[in-house]
Amino acid sequence: QVQLVESGGGLVQAGESLRLSCAPSGSTFNSYGMGWFRQAPGKEREFVAADIWSDGNTYYADSVKGRFTVSGDYAKNTVTLQMNSLKPEDTAVYYCAAVISYYSGSYYFTKGSYYDYWGQGTQVTVSS
């Protein structure tokens, strides 16, 4: 059974940086890409960023573009999220996910319902 494990979350002040990592634990798998989602208290889960190696593209939510960088390793099925210039509104639980079904287009890779494996999440808190 495939499990994903996130690490690197913590408490930082606005303007600082964090680097999140995600690695598989348990059974191996083949994926088309991996991504990051986040959910703040009382809000819906939202897409953050993804590295889709099946099409060679990275995808970012408008709210993090220019500040966050996603980078995956398809051979290891790992993915990192470098978060710079953090803002209080970035505070959330961050989840990594992997997609093992084939899709084409950004519509699919920015929707959580199309991902198959998920981690338990790591808390990121940004104080003002």
Charge tally for neighbours of S71 with beta carbon under 11 Å away, counting Lys, Arg as +1 and Asp, Glu as -1, is -1
Any residue on another chain or 5+ positions along whose placed amide H is under 5 Å from the amide H of N57 is listed here as I52
Surface/4 estimate of mean projected area, convex hull on alpha-carbon atoms of the chain, nm²:
7.1 nm²
Of the residues L86, L20, L11, which exhibits the maximal mean-square fluctuation in a Gaussian network model of the chain defined by a 10 Å Cα contact cut-off?
L11
Surface accessible to a 1.4 Å probe, R19 within the full protein complex, Å²
130 Å²
Mind telling me which of Y59, Y107, Y117 comes out most flexible in a GNM of the chain, alpha-carbon contacts under 10 Å?
Y107
Given springs between every Cα pair under 10 Å in a Gaussian network model of the chain, which of S17, S113, S85 has the largest fluctuation?
S113
Computed over the range 2-41: relative contact order in percent, which uses C-alpha pairs under 8 Å that are six or more apart:
43 percent
Below 8 Å between Cα atoms, with a sequence gap of 6+, how large is the relative contact order for the chain in percent?
35 percent
Would you mind listing how long the range 1-46 runs along its three principal axes, going by Cα atoms, in whole Å with the largest first?
37, 23, 17
At a probe size of 1.4 Å, how large is the accessible area of D55, to the nearest 10 Å²?
60 Å²
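The values are calculated or read from the model by the stated rules, or taken from the named source; none is laboratory data. Since this is a predicted model, take the numbers as computed values, not measurements. Ideal geometry is used to build each Cβ from the backbone, glycine not excepted, and the neighbour counts take in all protein chains shown. Accessible surface is based on the protein model in full, side chains and every heavy atom, while ligands, DNA and RNA are left aside. Shrake-Rupley method; radii C 1.70, N 1.55, O 1.52, S 1.80 Å.
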